[in-house]
Amino acid sequence: MRKPIIAGNWKMNKTPEEAVTLIEELKPLVDDAEAEVVVCVPFTDIVAVRDAVRGTNIGLGAQNMEWRDSGAYTGEVSADMLKALGVEYVIIGHSERREYYNETDEAVNKKVLKALEKGLTPIVCVGEKLEEREDGVTDEVVRRQTKLALKDVPAEDVSKVVIAYEPIWAIGTGKTATSEDANNTIKVIREAVREVKGDQPAEEIRIQYGGSMNPKNASELMKMSDIDGGLIGGASLKADDFSKVVHHK
Ligand code: PGA
């Protein structure tokens, strides 16, 4: 059985002080969660959040990393640097990074390989743009992104990866894919994993849905056969909303 994973993506929000306030509110609300609970926070909040989540069931994630180990890469942060602070998860290839910072499928793949090498759990984002959906190429887009992200990942490591299917038109817009549509596209992603890595990795890999997931729609999405969790933006910024998504009853 795949354990559901609900991860908050705080994006560029919260100072360290605000971050600690949110975590303190969140802790008692999710301490009995059945799902794996993660918060992916800005780099500048990592130390404060690490201290605040110590001894709890809340996992600590970053939102990006550089794939090179060290050197003249101004403004970048390496996997070792994240590990040294106690980070366990890292979002890779979020559509905002692909769109605003020109992150390519090749860079996404390098980051996935580096995260695995260093023992970080990559949460790899894939998803189609609105035009691609309208042009009927959603399946091709997510299949391609999935296969390229997992290139050279050994079959036995695939279950350490989490994929987040995020239709870009649903991110921060209040529009959600219907649970059936989301589930169908996630099945397409799972089949793409099967084609390149085999049956067991395809059955074991966890695939989240992301894009305006909130307390109202979480339960319906989480009931679907292939949706193994959520990557939550807006609704992760309030403890009450995020905890409702975590419990999704
Ligand atoms: P949203 O963001 O929940 O605000 O749509 C999700 C994401 O971009 O990860």
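The values are calculated or read from the model by the stated rules, or taken from the named source; none is laboratory data. As the structure is a prediction and not an experimental result, all values here were calculated from the model. When we count neighbours, we look across all protein chains shown, and the Cβ atoms used for this are built from the backbone with ideal geometry, even at glycine. Ligands, DNA and RNA are excluded from the accessible area calculation, which covers all protein heavy atoms including side chains. Shrake-Rupley method; radii C 1.70, N 1.55, O 1.52, S 1.80 Å.
Pairs are defined by a Cβ separation below 7 Å, a sequence spacing of at least 6 or placement on different chains, a first member in the range 21-44 that is free of Cβ contacts under 8 Å to residues at least 40 places away in the same chain, and a second member that is surrounded by fewer than 20 Cβ atoms within 10 Å (Cβ to Cβ) and aliphatic (A, V, I, L, M); the pairs so defined are Pro42/Met12; Phe43/Val77.
For Val141, the conditions (1) assigned to a helix (DSSP H, G or I); (2) of a type outside the set (Lys, Arg); (3) surrounded by fewer than 17 Cβ atoms within 10 Å (Cβ to Cβ) all hold with the exception of (3). If you filter the range 193-225 down to residues that are over 18 Å from Pro122 (Cα atoms) and open to solvent by less than 20 Å² (accessible area, probe 1.4 Å), you find that the one that is nearest to the chain's Cα centre (by Cα) is Gly211. Among residues of the range 216-228 that are of a type in the set (S, T, N, Q), those with a Cβ under 6 angstrom from a residue that is crowded, with 18+ Cβ neighbours inside 10 Å, sequence gap 6+ or separate chain, pair up as Asn217/Thr176; Ser219/His248.
The helices (runs of 4 or more DSSP H) falling completely within the range 144-239 that include 2 or more residues that are closer than 20 Å to Asp105 by Cα and within 16 Å of the ligand (Cβ to nearest atom) map to 179-197.
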